[in-house]
1. HIS95's amide H: which non-local residues (gap 5+, or another chain) put their own amide H closer than 5 Å, with H modeled 1.01 Å from N in plane and none for Pro or chain starts?
2. Amide H of SER210: which non-local residues (sequence gap of 5 or more, or other chain) have their own amide H closer than 5 Å, using H built in the peptide plane?
3. Find the centroid of the Cα atoms in region 123-149 and in region 156-205, then give the distance between the two in whole Å.
4. Quick one: 3J(HN,Hα) in Hz for region 94-107, Karplus 6.51/-1.76/1.60 with θ = phi - 60°, rounded, Gly and Pro as x.
5. For region 69-85, just list the computed ³J(HN,Hα) in residue order, Karplus coefficients 6.51, -1.76 and 1.60, θ = phi - 60°, integers in Hz, with x standing in for Gly and Pro.
6. Measuring from the lowest to the highest alpha carbon on each principal axis, how far does region 112-246 reach, largest first, in angstroms?
7. Does region 83-191 classify as rounded, prolate or oblate by the C-alpha gyration tensor (a ≥ b ≥ c root eigenvalues; a/c under 1.5 gives rounded; else a/b over b/c gives prolate, otherwise oblate)?
8. Under 5 Å between amide H atoms, partner at least 5 residues away or on a different chain: which partners does THR145 have, H built in plane at 1.01 Å?
Amino acid sequence: MSFRRPVVSAIVAGTFICIFHGPAVAHPQTETRPADAVVAAHAAAARAAGIGAGRIVALYAFDGGRSSLIADDSGNGHTLRLVAGNGGRVLAVQHGSGGAVRFPAKCTTGACPHAALQSPSAANLNPGTQPISYGAMVLLSRGQTSKGQNIIQKGYSATSSQYKLQVDGAAGRASCVLVGARPGIRLVTSSIAVADGSWHTIECRRRAGSLSVLVDGVVRGNRAISQRLSVSNNRPLSLGGKGAYSDNDQFQGILDNVWVRIG
């Protein structure tokens, strides 16, 4: 059986709106790919929330059944490649009518497997001081939490500017990070947990002088940041961990519909 699944959400006049995509039902001549539906849904939700659509610069719907060499569904060519250590793998799994990817499970002894999906740096992945939103659908159980798990990352906090989405601590709360050219980590953490064995849509949103974290379309944390904070680096876009080495902040759940929107 096929199920539609939520990809983005918005709050409009106090109403929670979930936008879905699933099997196309239009006449074959007008049928669109699932990834096209994801792009359209993001644009519609952004307009509904009054934040402007911007431009999706990277999008991964994971509907091709691949766990490496994953095409960028935005059409911008940011193909993901697997980087792994100690036998780490990323597995293609079913999610509703499409696909998703599962990262290595929790490991606390011996030489643990590590894996991430990376695309080389590109100018259009660097927002500078522009508005940026980035997020993903996440499935993580309570038993798979750790001190920190990276979902989306570009750049490093200590050696370059950075934007990052992560799940923190045993409680499994989502947090968003921005680091500019000058030292100093700007972090906002969700007031609720996402590690409960259910799918959640998480979004980090930078607009002017604020950074927010949204869970299932609801703002769950917000903080002020400098409008001059600029993120621009030559580091790869990395999903599921910051690399393949032992201290890579390994994500230990399932990801779907990962996206970055700038503008």
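Every number here is computed from the coordinates shown, using simple stated rules; none is lab data. Every value quoted in this text rests on a predicted model; they were computed, and no experiment measured them. In this analysis, Cβ positions are derived from the backbone assuming ideal geometry, glycine residues included, and neighbour counts consider all displayed protein chains.
1. Those qualifying (amide H under 5 Å, at least 5 residues apart or on another chain) are ALA100.
2. Amide H to amide H, under 5 Å and 5 or more residues apart or across chains, SER210 pairs with ILE225.
3. With region 123-149 and region 156-205 each reduced to a Cα centre, they are spaced 6 Å.
4. Computed from phi, the couplings for region 94-107 are 7, 9, x, 8, x, x, 7, 10, 9, 9, x, 6, 4, 9 Hz.
5. Listing the rounded values in order: 6, 8, 5, 7, 6, 6, x, 8, x, 8, 5, 8, 10, 6, 10, 8, x Hz.
6. Here the spans come out as 38, 33, 23 Å, largest first.
7. Numbers: a/c = 1.56, a/b = 1.46, b/c = 1.07.
In terms of gyration-tensor shape, prolate.
8. The answer is none.
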